[in-house]
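This report refers to the structure that appears directly beneath it.
The values are calculated or read from the model by the stated rules, or taken from the named source; none is laboratory data. On a predicted model such as this, the values are computed, not experimentally measured, just so you know. Neighbour counts are summed over all protein chains in view; Cβ atoms, including those assigned to glycine, are modelled from backbone coordinates with ideal geometry. Side chains included, ligands, DNA and RNA excluded: accessible areas come from the protein's heavy atoms. Shrake-Rupley method; radii C 1.70, N 1.55, O 1.52, S 1.80 Å.
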Amino acid sequence: MAPSRRAFLAAAAATMAAACTDHATAPDAAPSTVATRPAPSTMPTPAERAGAVAPAGGKLARIVFAGPRTRRQVALTFHLSGDPALASRLLDTAAQAGAPISLFAVGRWLTEHPTLVRRILADGHELDNHTWSHPVLGRLDRPAMATEIRRCKAALTQATGSGGHYFRPSGMTRPTPMVLAEAGAAGYPLVVAYDVDPRDYTDPGADAVAARVAAGLRPGSIVSLHTGHAGTGTALVPILAAARARGLQPVPLHQLLAGMPSAP
């Protein structure tokens, strides 16, 4: 690949719009009714591979946007940060509905709210890595990026005994080659994105969030949601009703992704 082509790809990846905005800038584009992805590959592209340099002995993580389309299952994933009262209310709703959810935790938030962390685990939900402080990850240099991933992993391990199964980068819709390399080096073979994005972080209201999720749901879907927004918690019940009306079972991420190849 010519140097100019490599530089273009790196610049394009680094300027991806932020997908979650608890601590990052919202995308410049006006929100659509629902953002979905047409069966993207779980493999890094040849261009991405060429731009990534994995540490010695390490492997690039694999990007996954959805689970198998052959299973009538979906995963509701939440970016765990923001107002703890809203997180607690969401957990109440999930418990009443008997619905498992998967939470990508900001490490700093974990350390500040140990009681809620214990409740999340007691309720049977899944906790995974969403960086330590929720920066726009693609803007960091490599050492800072590695610190964000590993420091959150350490917080997860201290709080739960495990660093979690998966990593999701903050402030980007698709991980850069460097993110894939550092996630793999930190022990995360899968970087989990999503194929349904209702853009609940723009606070469009519970009805809009539920309608946008329902419009994109299909077997294998991974939905991106946020704990720090009141409309999202209210939308959970109609989201679950829409899934079940279509014969789709909400399951934890590790169940949805069971059996998928973990690394290239």
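How large a share of the accessible area of the range 57-102, in percent, is made up of carbon and sulfur atoms when the probe is 1.4 Å and the other protein chains stay in place? C and S fraction of accessible area: 51 percent.
Rounded to whole numbers, the Karplus 3J(HN,Hα) couplings from phi for the range 138-147 are x, 8, 8, 6, 4, x, 5, 4, 4, 4 Hz, using 6.51 cos²θ - 1.76 cosθ + 1.60 with θ = phi - 60°, and x at Gly and Pro.
In this structure, the amide hydrogen of Q73, modeled 1.01 Å from its nitrogen in the peptide plane, lies closer than 5 angstrom to those of G220, Q249, counting only residues at least 5 positions away or on a different chain. Here is the size of the range 111-264 from its Cα atoms: Rg then Dmax, 16.1, 47 Å. Remark: the R244-R71 segment gains 60.9 nm on full extension, using 0.36 nm per residue and subtracting the alpha carbon distance. When peptides 162-168, 214-220, 184-190 are sorted by average Cβ neighbour count within 10 Å, with the highest value leading, the order is 162-168, 184-190, 214-220.
In this structure, the amide hydrogen of L190, modeled 1.01 Å from its nitrogen in the peptide plane, lies closer than 5 angstrom to those of R62, F167, counting only residues at least 5 positions away or on a different chain. Taking the protein heavy atoms of the range 129-264 in the context of the full set of protein chains, the accessible area attributed to carbon and sulfur is 54 percent at 1.4 Å.
What does the accessible area per residue of the range 65-138 come to in Å², with a 1.4 Å probe and no ligands, DNA or RNA counted?
Numbers: 2590 Å² over 74 residues.
For the range 65-138, the solvent-accessible area averages 35 Å² per residue.
Could you please state, rounded to a whole Å, how far the C-alpha centre of the range 78-133 is from the C-alpha centre of the range 224-263? The distance from the Cα centre of the range 78-133 to that of the range 224-263 comes to 14 Å. Computed over the range 155-222, the range of Cα coordinates on each principal axis works out to 39, 29, 25 Å, biggest value leading.
Using the Karplus relation 6.51 cos²θ - 1.76 cosθ + 1.60 with θ = phi - 60°, the per-residue 3J(HN,Hα) values for the range 120-128 come to 4, 5, 4, 7, x, 8, 9, 10, 9 Hz, with x marking Gly and Pro.
Across the range 197-210, rounded Karplus estimates of 3J(HN,Hα) from the backbone phi angles (6.51 cos²θ - 1.76 cosθ + 1.60, θ = phi - 60°) give 10, x, 6, 5, 5, 8, 6, x, x, 4, 4, 5, 4, 4 Hz, Gly and Pro being marked x.
Projecting label points 7 angstrom from Cα along Cα→Cβ for A258 and D83 puts them 3.7 nm apart.
Here the range 76-175 has an Rg and Dmax of 13.2, 43 Å, counting Cα atoms alone. For A122 paired with A215, estimate the spin-label separation in nm (one decimal), with each label point 7 Å from Cα along the Cα-to-Cβ line. It works out to 4.0 nm between the two label points.
Amide H contacts of V196 (H built 1.01 Å from N, in plane; Pro and chain starts excluded): I222, S224 sit under 5 Å, all sequence-distant by 5 or more or on other chains.
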